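Working notes, structure below.
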Amino acid sequence: MARVALVVEGTVPCPFCGEPTPPNLGECPACGREFAPSGEAVAQEAPAGVGAPVARSAEDIEERLGRLERWREAGEQLGTDVVHPPEWVAARARKRPEEGWGPFLEEVESAALAQVVQRFEEWQREVLARLQRLEAYSIDGRLEREQVEDAVSAARAGEAGRALAVLQQVDRVVALKERHLALARQELERLSELLDDLSALGLPAPFEPKEVARDLEEELRSGRLAPLKQHLRGLRLDAIRSLKSSFPEYVSRVGHSLERGRARGVDVDWEIAELARCAKAYADGRPDEAVRRLRHLAETAPPPDGPAAGASAPTGASRTDARPR
């Protein structure tokens, strides 16, 4: 809401805030700024700052207000509130530039720029830490480091638009590299877990789990993500092929063992239901879930006749342990 100055007889309006002031006081009691008895602003030495000299024309005022607006928008995109003049001040400065709004706007300008630069420097530290993690996997980040320096330099020079454009580009590239690395890590861990489950169940696996995990980790650390993903797909395909011949037979043996236990009066309802869930997950194309469930079943509630033929002894609790129902 625009501020309305009161007109009091025998006073002069403050050239800065418009408040009525005694003519011979020389200082506004409202804003504390000094001015000549005639009501003109006292010339002051401009503080050190960024940008054009103290504004004395409508064009200068408009340029400063536009720069402040760009920095405010930059602050919003960076997640921080940047100081800016109230709307009534901007409107009054545009309408009455001769009242000497230059020093005030320059102070606001200097504070706003300092806030923007501070946020860019914080972003710089964050991105450099992300690049350091990527470089630990031999992923090149030299270009992004140079662009980060360019963005911060542009911000310090008051070029908010160029600084933001570089920031957004760097963020996109770094996020894409992080995503590729995360997907490769996820696929590696998924394959390692599958091989480990097969080994725990005594099912034939085409590779030794620990050896494969070590080799794949070294390949991941080398930064060659595209060849690694192809290698992972090939290894996984081999493991699934091996599972096709052994999984149905294993489930069948466990099922027969549970049926024999039921015939002897053993409560195996939960085990039979869980075995059915394992078979369904496998039939629905979720071999990882099927093998994981089967391993959990073997470790939580071994078959009444003992471990299924060809399976290693379970490492979990005995049948007397609590089972989910």
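Derivation of every value follows stated rules applied to the coordinates shown; laboratory data play no part. Computed from a prediction, not measured in an experiment: that's the story for all the values here. With ideal geometry, Cβ positions are generated from the backbone for all residues, glycine too; neighbour counts draw on all protein chains shown.
Worth pointing out:
- Amide H contacts for Cys14 (H built 1.01 Å from N in the peptide plane; partners 5 or more residues away or on another chain; cut-off under 5 Å): Glu19, Thr21.
- Inter-centroid distance (Cα atoms) of the range 93-108 relative to the range 110-166, Å: 32 Å
- Gain on full stretching of the segment that runs from Gln230 to Ala136 - 0.36 nm per residue minus C-alpha separation: 31.7 nm
- Label point distance in nm, Gln118-Ser153, each placed 7 Å from Cα along Cα→Cβ: 2.5 nm
- Derived scalar couplings ³J(HN,Hα) [the range 209-215; Karplus, 6.51 cos²θ - 1.76 cosθ + 1.60; whole Hz; x for Gly, Pro]: x, 5, 5, 5, 4, 5, 5
- Shape call, the range 111-151: gyration tensor on alpha carbons, a/c limit 1.5: oblate
- Classified by the C-alpha gyration tensor, the range 71-217 has a prolate form. Its axis ratio a/c, with a ≥ b ≥ c, is 1.5 or above, and a/b is larger than b/c.
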